[in-house]
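The values are calculated or read from the model by the stated rules, or taken from the named source; none is laboratory data. Here the structure is a predicted model, which means the values were calculated and not measured. Cβ: placed from backbone, ideal geometry, glycine included. Neighbour counts: every protein chain shown. Accessible surface areas use protein heavy atoms only, side chains included; no ligands, DNA or RNA. Shrake-Rupley method; radii C 1.70, N 1.55, O 1.52, S 1.80 Å.
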Amino acid sequence: MPLCTALLRTWAPLIGLGLLAGPALAQGTIKIGEINSYKAQPAFLEPYKKGMELAVEEINAAGGIQGRKVELLVRDDNASPGDAVRAADELLAREKVDVLMGSFLSHIGLALTDFARQKKAFFLAAEPLTDKIVWENGNRYTYRLRASTYMQVAMLVPEAAALKKKRWAIVYPNYEYGQSAAATFKKLLKQAQPDVEFVAEQAPPLGKVDAGSVVQALGDAKPDAVFNVLFGADLARFVREGNTRGLFQGREVVSLLTGEPEYLDPLKNEAPNGWTVTGYPWYGITTPEHQAFLKAYQAKFKDHPRLGSVVGYTAVQSLAAGMRKAGGADTEKLIAAFKGLEVTSPFGRIRYRPEDNQSTMGAFVGKTRNDGGKGVMVDFRYADGARFQPSADEVKKLRPAD
């Protein structure tokens, strides 16, 4: 009997049990189930998907996770919490994914957070900003990457207080993210500037802003300054009407997310001057981590990154770092590995806090400028997310026990 035949007969039972097979043969790929509002929010999520693809390519080119390749299985949630939960259930039950990640809209992120708790599945909330994901509705199965609503508002409040404006108007999309951003801004600004007054508040439905009436109502209140939370197409309509009706003339504007190229680029020659914003000035960040990411992204896609690109890339790299630390994708081991996990992102080192499962990823704060018909951020600085988070004692009061 040839030696190879004899060895095959000897090893066959062991291979059948997966005891002698290599990692790829024994376990197959590591499957990441990703759920997001691709059709509803393409400005952010098309670059986000490219960021994920770049991360997967890099991870697999480096040998994967313990020899196992990483595979993305993507589903669209149609901007519906119900559809998101159904997609998550299908990914777990039929596709047998190892982990879940994603979501953009805050109310969908909350639905998936609860689903993860019920199904005892690991979920990395990449983008949804509501604080409830890691505080009131937080659970041991859910971690969140992006700087939260509280964190980004806290980054802007010192800038707002320094303006020394007494009468403020607020406009925000009427769903979880917008509501929590407005409430946090009022609370933190009142603490920083006790004599502040909020003289007008407009909360149009997400994606359905009647910009003319909103701008008129804000202008009628004669505020000294405006805090804006609108984004995407709603922001474009608001800026256009505000410019036409003179809402911004002689008034300071503090605006959440407006410096992100997803939302600033489309404004083109209508881009405002002098707004204080959070954002992503990809063209001016010179750190080694960002330069490496920028070079790789531009080489692969022949385009510049958006903030979504950074979030998608860092989310997948976070899962990979957690799995390396955990020795695989086992849920309980991954939960433990993410406690205090440090990851190198295009913004530098970030850490997932054990207190509330929130990462310390920060954001850039600066001013907008219309530079020859193109909106850019100037005078910007990186605000480290670790400096804008509540203490462990405060978190204990906000978050249910795991």
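Name the pairs: first residue in the stretch 379-402 and assigned to a loop (DSSP other than H, G, I, E, B), second residue open to solvent by 60 Å² or more (accessible area, probe 1.4 Å) and among the acidic types (Asp, Glu), Cβ to Cβ under 9 Å, at least 6 apart or on different chains?
Sorted first by the residue in the stretch 379-402, then by its partner, the pairs are Gln389/Glu355; Pro390/Glu355; Ser391/Glu355; Arg399/Glu136; Arg399/Glu355; Pro400/Glu136.
Which one of these is in contact with a Phe, Trp or Tyr (Cβ under 7 Å, 6 or more places away or on another chain), at pLDDT 95 or above and surrounded by fewer than 19 Cβ atoms within 10 Å (Cβ to Cβ): Lys96, Lys166, Lys120?
Lys120
Scanning the stretch 281-340 for residues that are among the hydroxyl-bearing types (Ser, Thr, Tyr) and in contact (Cβ under 8 Å) with a residue 60 or more places away in the chain, which turns out farthest from Leu105 (Cα to Cα)?
That would be Thr287.
Say whether the condition of being open to solvent by 30 Å² or more (accessible area, probe 1.4 Å), under 22 Å from Val229 (Cα atoms) and either in a loop (DSSP other than H, G, I, E, B) or out of contact with any Leu (no Cβ under 9 Å at 6 or more places or on another chain) (or both) is met by at least one residue in the stretch 295-304.
So far as the stretch 295-304 goes, no, none of its residues is open to solvent by 30 Å² or more (accessible area, probe 1.4 Å), under 22 Å from Val229 (Cα atoms) and either in a loop (DSSP other than H, G, I, E, B) or out of contact with any Leu (no Cβ under 9 Å at 6 or more places or on another chain) (or both).
Glu176 - would you say it is more than 26 Å from Arg306 (Cα to Cα), out of contact with any strand residue (DSSP E or B) (no Cβ under 6 Å at 6 or more places or on another chain) and of a type outside the set (Phe, Trp, Tyr)?
no
Rundown of residues vs (1) within 21 Å of the chain's Cα centre (by Cα); (2) within 18 Å of Glu58 (Cα to Cα); (3) not aliphatic (A, V, I, L, M), yes/no style:
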{"position": "Val254", "(1), (2), (3)": "yes, no, no"}
{"position": "Glu270", "(1), (2), (3)": "no, no, yes"}
{"position": "Thr278", "(1), (2), (3)": "yes, no, yes"}
{"position": "Tyr283", "(1), (2), (3)": "yes, no, yes"}
{"position": "Gln291", "(1), (2), (3)": "yes, yes, yes"}
{"position": "Leu294", "(1), (2), (3)": "yes, yes, no"}
{"position": "Val311", "(1), (2), (3)": "yes, yes, no"}
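Please specify each residue of the stretch 65-81 satisfying the condition of being touching a strand residue (DSSP E or B) at 6+ places or on another chain (Cβ under 6 Å) and either assigned to a loop (DSSP other than H, G, I, E, B) or on the phi > 0 side of the Ramachandran plot (or both).
Asp77
Among the residues in the stretch 235-252, are any under 26 Å from the mean Cα position of the chain (by Cα), charged (D, E, K, R), closer than 20 Å to Ser37 by Cα and surrounded by fewer than 24 Cβ atoms within 10 Å (Cβ to Cβ)?
The answer is no; no qualifying residue exists.
Could you tell me which numbered condition Arg146 fails, if it satisfies all but one of (1) open to solvent by 30 Å² or more (accessible area, probe 1.4 Å); (2) among the basic types (Lys, Arg); (3) in contact with a strand residue (DSSP E or B) (Cβ under 9 Å, 6 or more places away or on another chain)?
So Arg146 meets the others, but not (1).
Would you pick out the residues in the stretch 123-133 that are buried (at least 24 other Cβ atoms within 10 Å of the Cβ) and farther than 19 Å from Arg86 by Cβ?
Hits for the stretch 123-133 are Leu124, Ala126, Glu127, Leu129, Thr130, Asp131, Ile133.
Quick one: would you say Phe227 is at pLDDT 95 or above, under 23 Å from Ala161 (Cα atoms) and open to solvent by 60 Å² or more (accessible area, probe 1.4 Å)?
Answer is no for this residue.
Given the criteria under 18 Å from the mean Cα position of the chain (by Cα), surrounded by fewer than 21 Cβ atoms within 10 Å (Cβ to Cβ) and closer than 13 Å to Ser148 by Cα, does Asp384 qualify?
Against the criterion (under 18 Å from the mean Cα position of the chain (by Cα), surrounded by fewer than 21 Cβ atoms within 10 Å (Cβ to Cβ) and closer than 13 Å to Ser148 by Cα), Asp384 qualifies.
Consider Gly219 carefully, then state whether it is modelled with pLDDT of 95 or more, over 24 Å from the mean Cα position of the chain (by Cα), open to solvent by less than 20 Å² (accessible area, probe 1.4 Å) and closer than 29 Å to Gly372 by Cα.
So Gly219 does not fit the description; no.
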